[in-house]
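Have a look at the structure below, then the notes.
The values are calculated or read from the model by the stated rules, or taken from the named source; none is laboratory data. Values in this document were obtained by computation on a predicted structure and should not be read as measured data. Glycine gets a Cβ as well: all are built from the backbone with ideal geometry, and neighbour counts include every protein chain shown. Ligands, DNA and RNA are stripped out before the accessible areas are found, and what is left, the full protein with its side chains, is counted by its heavy atoms. Shrake-Rupley method; radii C 1.70, N 1.55, O 1.52, S 1.80 Å.
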Amino acid sequence: MKTKQFKIRFIYQPIIAVIGLLILTDFSLRLEPLRDNLPQANPYYNPAVELRTRALKSLIKEQGQPDVLFIGSSVVRTNISPLLFDSVYQYITSHKMTSFNGGLSDLDPGPVSFYLEKFWLKSCKPQIILQAVRYEELKSTFTAENYPVFKTSIYEPLWLKNNLNSQIRLYLLDHVRLYYYSGALTEFLRYPRFPVNRPLLHPIDSRGHSFMNIGMAEAKKLGLLTGDFTYYEDIPDSLLKLNLDALKKSSALCRQSGIKYILVNISEHGDRFLKAPDGLERYRNYISLLRNLAGELNVEFIDLTNGDPAIYQQDDLFSDYYHMSPAGTKKFTTDLARYCAGLFKQDF
């Protein structure tokens, strides 16, 4: 009796076909025309990071490394326009400037410092980094380690663990596109949109700026600004130390990388301080605090209000009490560029 010989090719041929398909798919995801027409990958805590990753890579490919990187929270994202900053700077100095907006939503000084170390300093090599902060952020209780949003994504928990397993997974994320895109289809099915490559939140321009499309008057009319936004309380000492230490860490990271670090007070609506009886004193104490910190760190400090919150008190400059309207962004960015035109003479 003859037995049929088992043909191994019936096993290896499908395996080879599957491997080939995976390799082809992974290669295809590296092609920008295809990638840009697919649902966006989202391995970070916020889809805005992927948007800025793509914009930054395009900028570096076309023009080289940025001269200036702005970092901070969502107020940086909305209140500073790099394209306008560069234009005003070049008009005043006749020198070309290339800047990029790295402002990310919901990041206070601790998480900003963490992102500077784990993301921005690995993504680009600017000559100058401007970190902008506001009063509210110095009251934050968050560090990278206790920030809940960081625990629900892919990259951030791996950055925090820093063990062999996390290093292997980070390598795969950085080099295997299929792994990088894991979960993208699921998220798209949860939040379908057309065209499919449309950002889920806050679209940006080529330099990372995301503008607000509503003014404060309209926001109030729509009932979006209810309640009292005034600062009545001073910052507790424990939280103040926590956040000032985070700013010190950002400065140290820049110094270690040979990057000039500049601390910036980003203006909020003047009513946040001036509606309180002791608001002007609170504001000036806050400015003095940042100025003293900058002196301790031997870095520049920029305060476009010159200690007077009324400089930015007009409703038409804001969308809410801290994110600026297009008019406010134009004023703040122009003022900042003019200040930096004199400040950067020795750097460019």
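Could you check how many percent of all C-alpha pairs in segment 88-233 are farther apart than 28 Å?
The calculated P(r) of segment 88-233 puts 39 percent of pairs beyond 28 Å.
Please calculate the 1.4 Å probe accessible area of Tyr12, with all protein chains present, and give it to the nearest 10 Å².
Here the residue's solvent-accessible area equals roughly 100 Å².
Please report the spacing between the Cα centers of segment 274-348 and segment 81-114 in Å, no decimals.
Segment 274-348 and segment 81-114 have Cα centres spaced 15 Å from each other.
Work out the length of the dipole vector of segment 291-348 about its Cα centre, built from +1 on the beta-carbon of each Lys and Arg and -1 on the beta-carbon of each Asp and Glu, and round it to the nearest 20 debye.
My answer is approximately 220 debye.
Given a Förster distance of 30 Å, report the FRET efficiency between Lys275 and Asp106 from their Cβ-Cβ distance, rounded to the nearest 0.05.
With a Förster radius of 30 Å, E is 0.75.
What figure in square angstrom, to the nearest 10, would you give for the accessible area of Arg190 with a 1.4 Å probe?
Accessible surface of Arg190 is approximately 140 Å².
On a full-extension model of 0.36 nm per residue, what is the gain between Thr186 and Asp205, subtracting their alpha-carbon distance, rounded to one decimal in nm?
Full extension from Thr186 to Asp205 adds 4.2 nm.
Figure the gain on full extension for His175 and Ser58 (residue separation times 0.36 nm, minus the Cα-Cα span) and round it to one decimal in nm.
Here the segment from His175 to Ser58 would lengthen by 40.3 nm.
About its Cα centre, how strong a charge dipole does the chain have in debye, to the nearest 20, once Lys and Arg get +1 and Asp and Glu get -1 at the Cβ?
Charge dipole, the chain, about its Cα centre: 2080 debye, nearest 20.
Leaving ligands, DNA and RNA out of it, report the carbon-plus-sulfur percent of the accessible area of segment 160-302 at a 1.4 Å probe.
Summing carbon and sulfur atoms, their accessible area is 55 percent of the total for segment 160-302.
Which angle between 0 and 90 degrees, to the nearest 10, do you get for helix 82-93 versus the longest principal axis of the chain when only C-alpha atoms count?
Around 50 degrees separate the two axes.
Which of the pairs Lys151/Lys331; Lys125/Lys275; Lys57/Lys96 have their Cα atoms more than 31 Å apart in this structure?
Lys151/Lys331; Lys125/Lys275
Keeping all protein chains in the complex and leaving out DNA, RNA and ligands, what accessible area do you get for Thr93 with a 1.4 Å probe, in Å² to the nearest 10?
Spelled out: Thr93, probe radius 1.4 Å, area about 30 Å².
Among Ala337, Pro199, Val75, which residue has its Cα positioned farthest towards the positive end of the charge dipole of the chain, with +1 placed on the Cβ of Lys and Arg, -1 on the Cβ of Asp and Glu, and the dipole taken about the Cα centre?
Farthest along the dipole direction, towards plus: Pro199.
Per residue, how much accessible area does the chain show when a 1.4 Å probe rolls over the protein heavy atoms, in square angstrom?
51 Å²
By a straight-distance test (C-alpha under 19 Å), which aspartates and glutamates pair with Lys241 as possible cross-link partners, with residues fewer than eight away in the same chain excluded?
Within reach: Asp108, Glu136, Glu137, Glu145, Glu233, Glu296.
Which option, (i) 0.99; (ii) 0.96; (iii) 1.06, is the value of Rg/Rh (Cα atoms, Kirkwood Rh) that was calculated from these coordinates?
(iii)
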